[in-house]
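S.K.: I'd like to ask you about the structure that follows.
The values are calculated or read from the model by the stated rules, or taken from the named source; none is laboratory data. Small disclaimer: the values here were computed from a predicted structure and weren't measured. Cβ placement follows ideal geometry from the backbone for every residue including glycine, while neighbour counts extend to all protein chains displayed. With ligands, DNA and RNA removed, areas are computed over all heavy atoms of the protein, side chains included. Shrake-Rupley method; radii C 1.70, N 1.55, O 1.52, S 1.80 Å.
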Amino acid sequence: PVAIGYAATATPHVSDVVAAAPGRVAVASWLLAPGLFHRAVVDSGADVVAAPIGAHLRVVEAVLLRYYEARCFQDVA
């Protein structure tokens, strides 16, 4: 089973979801960079926590593509 928890102000907080889960718990997130929210996930008590995805090549490519499209097509619309 997969449960959703949040690292910021929404509920349930990731640490509450981890505490309620039976057995070993792995947490994956959509966080782009290390920092306050990633620290909350790391400190949640999970057995395994994935690294932020910000350095993944696909994320970098998506950001560059958005930038390119904004720069090249800003006067077209």
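S.K.: Nearest 0.05, what FRET efficiency do T9 and W30 give at R0 = 22 Å with Cβ-Cβ as r?
M.R.: Values: r = 16 Å, r/R0 = 0.73.
My answer for the efficiency is 0.85.
S.K.: Over all Cα pairs of the range 1-48, how is the pair count split among 10 Å bins, expressed in % and running from 0 up to the last occupied bin?
M.R.: Percent of Cα pairs in each bin: 28, 61, 11.
S.K.: Let me cross-check L64: its accessible surface, 1.4 Å probe, with only protein heavy atoms counted, in Å² to the nearest 10?
M.R.: 110 Å²
S.K.: Also, I was wondering about something else. Please turn the phi angles of the range 35-41 into ³J(HN,Hα) values with the Karplus equation 6.51 cos²θ - 1.76 cosθ + 1.60 (θ = phi - 60°), one per residue in order, whole Hz, x for glycine and proline.
M.R.: Per residue, the Karplus-derived 3J(HN,Hα) values read x, 4, 5, 5, 4, 4, 5 Hz.
S.K.: Something else about it: Stretched out fully, how many nm does the piece from F73 to L57 gain, at 0.36 nm a residue minus the Cα gap?
M.R.: Answer, rounded to one decimal: 3.4 nm.
S.K.: Express in Å², to the nearest 10, the accessible area of D16 obtained by rolling a 1.4 Å probe over the protein heavy atoms while all chains stay in place.
M.R.: D16 has an accessible surface of roughly 100 Å² with all protein chains in place.
S.K.: What number, in percent, do you get for the relative contact order of the chain if the mean sequence gap of Cα pairs under 8 Å and at least 6 apart is divided by its residue count? Provide the component values of the computation, followed by the final result.
M.R.: Values: 79 pairs, mean separation 19.2, N = 77.
Relative contact order of the chain: 25 percent.
S.K.: OK, next. In the range 2-60, which trypsin sites (Lys or Arg not before Pro) are in a loop and have at most 11 other Cβ atoms within 10 Å, using DSSP for the loop call?
M.R.: The qualifying sites are R24.
S.K.: Just to be sure I understand: with springs between alpha-carbon atoms less than 10 Å apart, which residue in A62, A46, A21 has the highest mean-square fluctuation in the Gaussian network model of the chain?
M.R.: A62
S.K.: Moving to a separate point now. Hey, can you grab everything whose amide H is under 5 Å from the amide H of H13? Only 5+ residues off in sequence or another chain; H modelled, so Pro and N-termini drop out.
M.R.: Sorted by chain and number, the residues that satisfy this are Y6.
S.K.: Using the Cα centre of the chain as the reference point, and only Cβ charges (+1 on K/R, -1 on D/E), how large is the resulting charge dipole? Debye, rounded to the nearest 20.
M.R.: Numbers: 5 positive and 6 negative charges, 15 e Å.
About 80 debye.
S.K.: Rounded to a whole number of µm²/s, how large is the Stokes-Einstein D of the range 10-77 at 20 °C and 1.002 mPa s, given Rh as the Kirkwood radius over C-alpha pairs?
M.R.: Value of D from the Cα-based Kirkwood radius: 150 µm²/s.
S.K.: Tell me what the chain gives for mean residue ellipticity at 222 nm when only DSSP H runs of n ≥ 4 count, each as -39,500 (n - 2.57), the sum divided by the residue total, rounded to 500 deg cm²/dmol. Walk me through the intermediate numbers first.
M.R.: Details: 3 runs with 30 residues, N = 77.
Estimated from H runs of four or more residues: -11500 deg cm²/dmol.
S.K.: Additional query: I'd like the orientation of helix 57-72 relative to the chain: the angle between its Cα long axis and the longest Cα principal axis, in ° from 0 to 90, rounded to 10.
M.R.: Between helix and principal axis, roughly 30 degrees.
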